[in-house]
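**Q** This structure is in structure tokens; I'll ask about it shortly.
The values are calculated or read from the model by the stated rules, or taken from the named source; none is laboratory data. Here the structure is a predicted model, which is why all the values come from computation and not from measurement. Virtual Cβ from ideal backbone geometry, glycine too; neighbours counted across all protein chains shown.
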Amino acid sequence: MRISHQHRFVFLAVPRTASTTLRRILDDYSDVKSVHISRSRDDHPFYHHITARELIEIFQSKDWRWADYTKFCCVRNPYDRLVSLYHHHIVQKTRRFGKAGRIVHIFAQTIVSRFDTFSKYVIRIQPHERLPASLQSFACDKDGHCVIDDFMVFEKLECQLPVYLDQWGIHVSAAAIPHMNASLNRRAYRRYYSDHVRKIAEGLYRYEIERFNYQF
């Protein structure tokens, strides 16, 4: 999440939608920068994947006018995003191997993933979990109304983002957009799905599938 009082924008970071990349790009233009949720405090409650609903409450407590800011975030094909979330989950479980080098780390992920498969991961997801929650949980207020003004599309980010940020005098070329925190050692997303798991995913992410007409 990033907030600029000068440019009057709010960027909300939906997990695994290039949020790390966008936060890095916006750092030099932001007055409020989020931190990992473990480092958030009462005097700085802004964590990376804070929801719009939570942020509205903070704006109200600080007498900032939510309506005066342009709110935007990035969306991603939920079938692909779910695979990315799974790989992130595996990385977190194998983090203790991180200092042993990239090859060992990838090997550790492979071993862990044999016991914690994609299917098992998806079946265990609860609708209101913080990281795998649907776009609706991030983008809507307490009454269920979407409060995001603009959506960047992950699959078109290199084309859309430079044009979009130009309105605030933030100039970034497509070539300069870093691809940060990308999943390692992963396959094309369709190869992860059985028919059963696909149906579960469609139930979890019905909101963005219908709103953005995402196809498997």
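**Q** Checking A67 against (1) farther than 24 Å from S183 by Cβ; (2) small (G, A, S); (3) in a loop (DSSP other than H, G, I, E, B): exactly one of these is not met. Which one?
**A** Unmet for A67, out of (1) farther than 24 Å from S183 by Cβ; (2) small (G, A, S); (3) in a loop (DSSP other than H, G, I, E, B): (3).
**Q** Go through the range 114-171 and tell me which helices (runs of 4 or more DSSP H), entirely inside it, have 1 or more residues that are of a type in the set (S, T, Y) and farther than 17 Å from I50 by Cα.
**A** Filter on the range 114-171 gives 118-124, 157-165.
**Q** Kindly list the number of the only condition in (1) outside any loop (DSSP other than H, G, I, E, B); (2) more than 22 Å from H128 (Cβ to Cβ) that fails for E57.
**A** Of everything listed in (1) outside any loop (DSSP other than H, G, I, E, B); (2) more than 22 Å from H128 (Cβ to Cβ), E57 misses just condition (2).
**Q** Could you pull out the residue among L161, L157, L131 that is touching a Cys at 6+ places or on another chain (Cβ under 8 Å) and closer than 29 Å to A67 by Cα?
**A** Result: L157 is the single residue among L161, L157, L131 that is touching a Cys at 6+ places or on another chain (Cβ under 8 Å) and closer than 29 Å to A67 by Cα.
**Q** Here is a further query. Looking at the range 145-196, which of the residues that are of a type outside the set (A, V, I, L, M, F, W, C) and at pLDDT below 90 is nearest to R8 (Cα to Cα)?
**A** My answer is S173.
**Q** Can you find a residue in the range 34-43 that is crowded, with 17+ Cβ neighbours inside 10 Å and within 27 Å of C146 (Cβ to Cβ)?
**A** yes
**Q** Next question. So, V10, is that one under 18 Å from the mean Cα position of the chain (by Cα), within 21 Å of S183 (Cβ to Cβ) and in contact (Cβ under 8 Å) with a residue 60 or more places away in the chain or not?
**A** For V10, the condition - under 18 Å from the mean Cα position of the chain (by Cα), within 21 Å of S183 (Cβ to Cβ) and in contact (Cβ under 8 Å) with a residue 60 or more places away in the chain - is not met.
**Q** Out of the range 12-33, which residues are surrounded by 14 or more Cβ atoms within 10 Å (Cβ to Cβ) and not in a helix (DSSP H, G or I)?
**A** Residues satisfying the conditions are L12, A13, V14, P15, R16, T17, A18, S30, V32, K33.
**Q** Any idea which of (1) closer than 22 Å to E202 by Cα; (2) touching a helix residue (DSSP H, G or I) at 6+ places or on another chain (Cβ under 8 Å); (3) assigned to a helix (DSSP H, G or I); (4) modelled with pLDDT under 90 is the one Y86 doesn't satisfy?
**A** All conditions pass for Y86, except number (4).
**Q** Taking R124 as meeting all but one of (1) closer than 18 Å to R206 by Cβ; (2) modelled with pLDDT under 95, write down the number of the exception.
**A** Here R124 clears every test but (1).
**Q** Here's another thing I want to ask about it. Looking at the range 143-166, is at least one residue touching a residue at least 24 places away in the same chain (Cβ under 8 Å) and touching a Pro at 6+ places or on another chain (Cβ under 8 Å)?
**A** no
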